[in-house]
1. Would it be correct to say that Val195 is modelled with pLDDT of 90 or more, part of a helix (DSSP H, G or I) and of a type in the set (Val, Ile, Thr)?
2. Kindly indicate whether Gln219 is of a type outside the set (Asp, Glu) and within 16 Å of Lys154 (Cα to Cα).
3. Conditions first: (1) of a type outside the set (A, V, I, L, M, F, W, C); (2) surrounded by 14 or more Cβ atoms within 10 Å (Cβ to Cβ); (3) within 26 Å of Ser121 (Cβ to Cβ). Gln219 passes all but one, so which condition is the exception?
4. Within region 41-90, restricting attention to residues that are surrounded by 24 or more Cβ atoms within 10 Å (Cβ to Cβ) and closer than 30 Å to Pro292 by Cα, which residue is modelled with the lowest pLDDT?
5. Return the pair list, or none, for Cβ contacts closer than 7 Å from residues in region 353-366 that are without any contact (Cβ under 8 Å) to a residue 40 or more places away in the chain to residues that are part of a loop (DSSP other than H, G, I, E, B), at least 6 apart or on different chains.
6. Just checking, which of Thr183, Thr224, Thr148 is polar (S, T, N, Q) and without any contact (Cβ under 8 Å) to a residue 60 or more places away in the chain?
7. Give the residue, chosen from Leu109, Leu177, Leu152, that is touching a strand residue (DSSP E or B) at 6+ places or on another chain (Cβ under 9 Å) and not assigned by TED's automatic domain parsing to the domain that holds Asp370.
8. Specify the residue that is modelled with the highest pLDDT; the eligible residues are those in region 483-505 that are over 17 Å from Pro20 (Cβ atoms) and more than 22 Å from the chain's Cα centre (by Cα).
Amino acid sequence: MYKLFLCFRYLTRKGIVIFPVLAVWLCVSMLIVVYSIMTGFVDRVRDAGKELMGDVVIQSTLAAGFPHYAGLQKTLSKLPCVAASAPVISTYGIMNLPEYQTSAEVEVLGIKPAMQSQVSSFGKSLFWQYRAPLDAARDLRHAAFPLTGRELVKYARGQLNAALVVYRQHEQEIRKLKPITGTGWMADIERHWQVIAREDYRQAEYHLNRVFRDLRFAQKLPPTGMIKNDAALERLLLPAAPTFTPPAKALKQYPNKKAEPENGCVVGIDIGLYTRDRFGHYHRPPGVRFSPVILTVVPVTLSSTLATPQSHRFQIVDDSRTKVFTVDRHTVYAPFSVVQKMAFMQQQDLLSGGVRPARCSEIEIRVHNDRRQAAVDAARNQIAAAVRRYALQHPGMESTGLTVMTWLQEQSQFIAAVDKERDLITFLLGLMSLVVIVVIFLIFFMIVRDKTRDIGIIKAIGGSEFGVGSIFVLYGLLISSAGTLMGVVTGTLFVIHDNWIHDDILWRIFGITIWNRRVYIFSRIPNQINPQTVATIAVLAIVAGLLGAIIPALIAASRDPVHALRYE
């Protein structure tokens, strides 16, 4: 009982113990924050890479692609591990926008949108066909279900009127702003508050445009149809499958039907047509959608020579955000059959009388039970064996250099680099956290020295060496446990509210921007907490505290009671 009494007495009477508690607290909190955010970033990168393509990808090392892809798809569909597959044609070219007098180097992907959406997240990456109606469904779910389509339109108009009031308030505040010509810290503060006012105005404008879109989507619903809940609303608003077909209202952008491009295309969100604010929201000018686009590609022949460049007119029907910047920055999606003809990869009649089969660049495959990487790896082996057998039965396929890889193997270099960055930062912070052991050792060493007479008294009245040593070990356990508890609580709260801390405190009050949404592919800072990771950090912190207390405890236990009582 005396051990626990002395531990609490030292803990409450000695002001110096606040320093080891603070050291443990700050180290635990720092490790939880950094590791949680970095792990969330790595997980989002992995998820974005996995959703970008199928679980397994069959590719050719030749730019001209490989033949007999349709038959190979049918063969693979018979495998029990294959859930869906989609052919893709990849070629590089130039995108020209005549109305904007600009052009850019792009990668043109020829895909079949319905099939591609079965193996990847292509359909979910589209804004006008998926994200906008999904946002509308989420915004309108606050209505009192069940209700009719007409009642939902009335609710959407009420939301629009409320957003319009807020927008006009911010607009008036913007008009009151005056140029700042002075210098000094007061002028810097005024400039910062003007930046905040303009950003608030842009957010009000963004919200107004969003609720206006909500109203437009609500107006498409049957006015007398009954909508029971928000899930039913999502089913009504979301399309069954994505498409490149321009909607009827696209014709309004052109003087007549002949002037309208026959085919539509989808552009990457970061290709340069839209601006992105500091909150990660994309602002889409109304004139960009349905604008004419000229895509020019240079076909590569089977002999690896360049053929005559081929151009075709399209119109932008949507934009895609895969959350992989290198893809969203340089990719244009177009109908598979059109790109196939432009790349000279369609079926061709030879002068000798034979037929050259159609080709594609790759086949993307989704497998069953793809949440388990072991199942994906096993499916990859089965698919690779089937591809080898099929290639032996069809002349010309073996020479195309077919490779079969999982999505993880395809993006291993990029994902491994992000993993190593996370591990390196965690390792460096772990080394810095060793200061906890040093701080606890030094402070406990000072306490043992100052309490030498107390140690002599305890031993003189019958206290054992184990009892004396356990006092300081228990003391270290209490200090490290208190610091760990504080670190777990503050670190967890910081990670959960990191976006609020960043936007409403660091930026709005101090003008500090750490997470620039214009640069990062994610619009929000990762805030996932892994309980297992938190528990591991907590245990290591307590162990570190015990390690720092062991040597002073051994010194205290080995004190001779006679010399200890004479200590001045």
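The values are calculated or read from the model by the stated rules, or taken from the named source; none is laboratory data. All values reported here derive from a predicted model rather than from experimental measurement. So basically every Cβ, Gly included, is an ideal-geometry build from the backbone, and we count neighbours across all protein chains shown.
1. Here the answer is no, as Val195 does not meet what is asked.
2. When the stated conditions are applied, Gln219 passes them.
3. (3)
4. Ranking the qualifying residues of region 41-90, first place goes to Met53.
5. Correct list of pairs: Val355/Gln347.
6. Unique residue meeting the criteria: Thr183.
7. Answer to the check: Leu152.
8. So, considering only residues that are over 17 Å from Pro20 (Cβ atoms) and more than 22 Å from the chain's Cα centre (by Cα), the one modelled with the highest pLDDT is Val489.
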